[in-house]
1. Give me a comma-separated list of calculated 3J(HN,Hα) values for segment B:258-273, in order, Karplus coefficients 6.51, -1.76, 1.60 applied at θ = phi - 60°, integers in Hz, x for any Gly or Pro.
2. With no solvent and one point per C-alpha, what does the Debye sum give as log10 I(q)/I(0) for segment B:187-341 at q = 0.17 Å⁻¹?
3. Would you list A:Y181, A:Y95, B:Y340, B:Y128 from fewest to most Cβ contacts within 10 Å?
4. Based on the alpha-carbon gyration tensor of chain B and its eigenvalue square roots a ≥ b ≥ c, which shape applies: rounded if a/c is under 1.5, prolate if not and a/b is larger than b/c, or oblate?
5. Report the Cα-based extents of segment B:211-277 along its three principal axes, largest first, to the nearest Å.
6. With viscosity set to 1.567 mPa s and temperature to 4 °C, compute the Stokes-Einstein D of segment A:19-61, Rh being the Kirkwood radius across alpha carbon pairs; µm²/s, no decimals.
7. Going 7 Å from the Cα of B:Y340 along its beta-carbon direction, which residues of segment B:277-297 have the amide nitrogen within less than 17 Å of the resulting point?
8. Using a Förster distance of 25 angstrom, determine the FRET efficiency expected from the C-beta separation of A:I199 and B:N66, and round it to 0.05.
Amino acid sequence: MSEYQQLAKQGLWSNNPALVQLLGLCPLLAVTSTVTNALGLGLATLAVLMGSNLIVSLVRQWVPDEIRIPVFVMVIAALVTVIQLLMNAYVYGLYQALGIFIPLIVTNCAIIGRAEAYASKNPWQTSLFDGFAMGLGFTCVLVLLGAIREILGNGTLFAGAELLLGPWAASLKIELFQIDYPLLLAILPPGAFITMGFIIAAKNVIDKRQKMHAEQPQKSVERARVTAQ
Amino acid sequence: MSFFIASSPHEHNRRQTSDVMRWVLLAAIPGVLVQLFFFGWGVLFQLLLAIVTAWATEAIALQTRNRPALASLKDNSALVTAVLLAISIPPLAPWWVIVIGVAFAIIVAKQVYGGLGQNIFNPAMVGYVLLLVSFPVQMTSWLPPATLSDNDLSLWQTLHVIVFEYTPSGFSVEQLRTGIDGVTMATPLDTVKTGLTQGYTLSELTAKSVFQGIAGVGWQWVNVAYLVGGLVLLQQRIISWHIPLGVIVGVAAPALIAHSISPDQMLGPVTHVLSGATMLGAFFIATDPVSAATSNKGRWIFGLLIGLLVWLIRSFGGYPDGMAFAVLLANLCVPIIDRYTRPTVYGHGGSA
């Protein structure tokens, strides 16, 4: 496996920031009540993560070890401010829907975690890709969580997509079923925790199955050797 | 020849889980009958739906976990969860309410934690809170007791309401709740809660028809019936007296103090103890052996905590009754209560 394949697998699955590292849970749980919000915050985090990984990796030679964390925080905060102003300018509806959680991307531990654990020790090409893979993994979990909660709580998918993608996206909204009484819990924060628990459990089950499949051939080889003796 | 050597404590208690659970169910019968009398056939349908759902979800969950389904179903614990939830919700709630509640209670609150004996929260109350938070309208639509209501629903009409949310003649639950004077009748506690926020005084509110008697028509007898059932459980030594007494004292003591300070704003202790879910909670819900505290001292604290929380939620919270929230919050404190109330082993520690 090449370095890039390794990074992609780590970010999307085996070391996923949301499912395995459990980092950045605050925005993850707070804004995933719809797919649109989840996607918006996911993309914003992805952009910040790529930018911060790139810059941290480029300046890593000149940053003294003792003050590296404040420097990382400054870099991330500057990038988040840029993203916040951009969202304010171009996707104002979504900017209002996400509210405080856009500036709070600064405190997302997944970002500073990657800066510290990867970007500060590796060249800029792989750091940029690592930021992309981690951000994509985070975004995927956000969207999945948002989809499950939106279906359970509203019976819709992509409601309010026009806030993110412009007026044409209003037609993206899918009304799966009409509920007179939505399952409010799915929209409320406890629903996010419970759904998140189920997603993590599902990931663990898949990992366990794969492990069992991987172990099976070894066993049969062993048995063949025993009978041959 | 071999001797059977058992280590202490030499306790002769041959009760199986299924016996304990069966006693709990039997002791609930008087309360259920009184509820049936005051709130109509709906109670019966909710019970049936709850039991079927509980068995089905428990069997499916056990099957998925590769555990023997039949042996676990026979311990009656799912049945108790189902019955407790069914008698806690409004009898005319639509059928999917109880199905969602019981399924959530069994799967998420019980089986996900590892089945009977592993759950940290009382499953029935987890289901109840899920329903109360998700479907506030359905979960607060209690009919006025039958003796106050002018429309008696037959068996068929009740079934029709639960399945289609309307009677055959087209009345919704909301219309059925409306009394002859066009005012929606609520439970006694609900009447007090909304009345006080509208600026009425307690003496004006308790003059209303729902408050005839000591603590509200119907509700006081429901509570008395659960008290009788609870006393049977005590006599059979299924539960110890610490938790129920703790809950009752926990509700009554602050109520007495508050009532004597502000008699026109705070309900008195008798009303508190005999209305809402106090008795059902004290004897049947808080005493769940799995999620309650284990030592006697711990049980006292656990019961008092529940009682105090119930009183606080009823008096200052957003909901008219708070048994479910109180039990869950106290469940959360059980590990720490158990840690600090561990009995001293004979010969170790102590003051001597």
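FYI, it's all coordinate maths here, none of it is from the lab. What you see is a predicted model; the values in this text were computed from it and never measured. Backbone-built Cβ (ideal geometry, glycine too); neighbour counts: all protein chains shown.
1. Once θ is set to phi - 60°, the couplings for segment B:258-273 become 5, 5, 6, 7, 10, x, 9, 10, 10, 5, x, x, 5, 4, 4, 6 Hz.
2. Each listed q maps to, in turn, -0.91.
3. B:Y340, A:Y181, A:Y95, B:Y128
4. Oblate, since a/c reaches 1.5 and b/c is not below a/b.
5. Principal axes ranked by extent give 41, 25, 13 Å for the Cα atoms.
6. Values: Rh = 11.7 Å.
Calculated translational D: 110 µm²/s.
7. What the label zone holds, given the 17 Å backbone N cut-off, is B:293-297.
8. Numbers: r = 22 Å, r/R0 = 0.89.
Calculated value: 0.65.
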